[in-house]
Amino acid sequence: MLRGVLFVVVLLLAGCATQQSLLAPKQLEESYIQATRKTELITKDSTQVVVIATHLNAYNAEKYPREEGEIFFLDIYEANGRKNFFENGYELTLENGMKPLKVTKLKKEDLVGLMRENATQWGEYYWVEFPRQNKRTQERITLILSHKDFGKNTLQFGFRKIKRL
């Protein structure tokens, strides 16, 4: 009887050691999560806009090298069904005041990989490019979301990546 119980315990432990949790994210998924921030502008107890931004350089430096500039993917939801985020008085700058060099509106069909998997179904999507920043700015890069009527909020991307074992 004791042998049978020990055999089952050893079998279970051996099986657990070789199995990875299905809930644990893979390395690229983990990197995407680490490189993503969310903010909102709220006035009079009402959400005006929700912005989910992913710093693509931090997510995948091989695919999005910093030498080409700071690149962000934005998933935006505006209250009251409004669209065209950048035409509705919202501004996005780096903390140093630098404005985007290029803003490209995307369709859901344009999204690939984790951007498509994680995009909200009701959002507007943008590809935003800023000029290359110096190393100090890159390490603590911060986006400022602002609107003249709704105020401003920050998305801080400075973090140390978790080292994989």
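The values are calculated or read from the model by the stated rules, or taken from the named source; none is laboratory data. Remember, it's a predicted structure, so these values are computed and weren't measured experimentally. FYI the Cβ positions are ideal-geometry reconstructions off the backbone, even for glycines, and counts take in every protein chain you see.
Observations
- Condition met for L92 (part of a strand (DSSP E or B), touching a residue at least 12 places away in the same chain (Cβ under 8 Å) and of a type in the set (A, V, I, L, M, F, W, C)): yes
- If only residues of region 150-165 that are part of a loop (DSSP other than H, G, I, E, B) and closer than 19 Å to G97 by Cα are counted, the one that is modelled with the highest pLDDT is F150.
- Residue list for region 29-48, restricted to those being outside any strand (DSSP E or B) and β-branched (V, I, T): I33
- Count of region 117-131 residues which are touching a strand residue (DSSP E or B) at 6+ places or on another chain (Cβ under 8 Å) and surrounded by fewer than 15 Cβ atoms within 10 Å (Cβ to Cβ): 3
- Single residue of region 116-149 satisfying the filter (in contact (Cβ under 8 Å) with a residue 40 or more places away in the chain and assigned to a helix (DSSP H, G or I)) that is farthest from A35 (Cα to Cα): T137
- Scan region 35-57 for residues that are at pLDDT below 90 and more than 12 Å from F150 (Cα to Cα) and the total you get is 0.
- All positions within region 124-149 that are β-branched (V, I, T) and within 19 Å of L74 (Cβ to Cβ): V128, I141, T142, I144
- Residue among L56, L94, L114, L41 that is of a type in the set (A, V, I, L, M, F, W, C), out of contact with any strand residue (DSSP E or B) (no Cβ under 8 Å at 6 or more places or on another chain) and surrounded by 12 or more Cβ atoms within 10 Å (Cβ to Cβ): L114
- The sole residue among Y126, Y77, Y64 that is hydroxyl-bearing (S, T, Y) and more than 20 Å from L41 (Cα to Cα) is Y64.
- Residues in region 106-115 include none that are in contact (Cβ under 8 Å) with a residue 24 or more places away in the chain, part of a loop (DSSP other than H, G, I, E, B) and among the basic types (K, R).
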